[in-house]
1. I'd like the projected area of segment 188-242, averaged over all directions, using the convex hull of its alpha carbons. Report it in nm² with one decimal.
2. Within a Cβ distance under 12 Å of residue 308, other residues only, what is the Lys/Arg minus Asp/Glu net charge?
3. Show which lysines lie in cross-link reach of residue 120 when reach means a straight Cα distance below 22 angstrom and same-chain residues fewer than eight apart are skipped.
4. What distance in nm separates the simple spin-label points at residue 198 and residue 2, each placed 7 Å from Cα in the Cβ direction?
5. For the chain, what does the helix formula give at 222 nm: sum of -39500 (n - 2.57) over DSSP H segments with n ≥ 4, over the residue count, nearest 500 deg cm²/dmol?
6. Work out the P(r) tail for the chain: percent of alpha carbon pairs separated by more than 34 Å, whole number.
7. Quick check: residue separation of residue 81 and residue 310 times 0.36 nm, minus the Cα distance between them. What number comes out in nm?
8. Mind checking which of 306, 130, 324 is farthest towards the positive end of the chain's charge dipole, using Cβ charges of +1 (Lys, Arg) and -1 (Asp, Glu) about the Cα centre?
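Coordinate-derived values only; no laboratory data. Since the structure is predicted, the reported quantities are computational estimates derived from the model, not experimental observations. Here the Cβ positions follow ideal geometry from the backbone for every residue, glycine too, while neighbour counts run over all protein chains shown.
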Amino acid sequence: KKTIRDIDVAGKRVLVRVDFNVPLDANLHITDDTRIKAAIPTIQYLLDHGAAVILMSHLGRPKGEVVEKMRLTPVAQRLGELLQLPVQTTADCIGPDAEAAAKALQPGQVLLLENLRFHKEEEKNNPDFARQLAALGDLYVNDAFGTAHRAHASTEGVTHYLPGVAGFLMEKEINYLGAALENPKRPFKAIVGGAKVSDKIAVLERLISIADGVLIGGGMANTFLKAEGYEIGDSLVEESKIETARELLQKAHEQNTEFLLPLDVVIADRFAADAEHKVVAKDQVAPGWRILDIGPSTINLFRRSLAGAQTIVWNGTLGVAEMPAFAKGTEDTIDILVKRTQEGATTIIGGGDSAAAVEQAGAADAMSHVSTGGGASLEFLEGRVLPGVAALQDK
Ligand code: 3PG
């Protein structure tokens, strides 16, 4: 794809789609500004090369209504701190005020339009809405990898009026995830966790066919254990996916892909941070108990499997990472990946909750790449074409 390096931006008003869909607490404070920081290289490059930068994003799911607590004001504030520049805002992303603000914007200045999803036309990819957005700029850049799986007016529609190129974040995401899937340095191992098999069937199928090994943890491991005939007590399980789990196990077997399930697990007497808990072998889960994390033997198994890997992709936490008693599987996996990165392996963290766990552990800079996409990186790993990427110009 063409990037901002391939175009002349001097003196132009550049309309940039970013993904500033960041988590806010009840006081509207940003609790994780990773996505804002991740867009800075593109914004800074454009400013340094003489562009006036008009940013647009969604925040949350306001469903076409103006929702006060989903305004982008806190984001503008944080962005201003990071850029050390005033960031102008508008009360609406289209209309006379947005047009006037865009028109008056000078090279080196930044404008952040209000939440795109205050208009239902954004998610409907309405052509007239897309045309009004496009009219605000001379050039269009998409740096919103996290939203690239959505065919919305600001990611797809707008490119019918203004040809688009990729920003640096978009480029980096596509390069890392793309290289891992198309041309990985081998051995290539994938770690897949998260609560449900049903969310990740397509990604598991694809990884089984291209990776040398797939390591399973998280709630979804329970469904696989049950498919193998183990009793799993009161653990979260998807009864309707046991057959699918069996087919995936069979597929891995046929393709000679290593497929690792937990050897031991942390079980608890209830789903609570202060529940009574203990480590047991996978065939020792008593009725009334539930699996909430992988155990130490499993971590060792994973460590050995990952020892020689040259490419490691990880998606989905391996236990209930938000409860300290059940976070060890996830934390130890982060440690293994940090070490493997230092030893020269390429480590790629895709997916919202595993990326958040890595951020929280302060280990993001110690990985080769932490994706800013949740749904987007999952769809990329599934091998689907992302509409926001497809809409950009080829080199
Ligand atoms: C995300 O957080 O995954 C993206 O910003 C997309 O948000 P959405 O799932 O509401 O479309």
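1. 3.6
2. After counting each charged neighbour, the total is +3.
3. 63, 69
4. Distance between the two pseudo-spin positions: 4.3 nm.
5. Values: 14 runs with 140 residues, N = 395.
Roughly -10500 deg cm²/dmol at 222 nm, from the helical runs in the chain.
6. The share of Cα pairs beyond 34 Å in the chain comes to 34 percent.
7. 78.6 nm
8. My answer, from the dipole projection, is 130.
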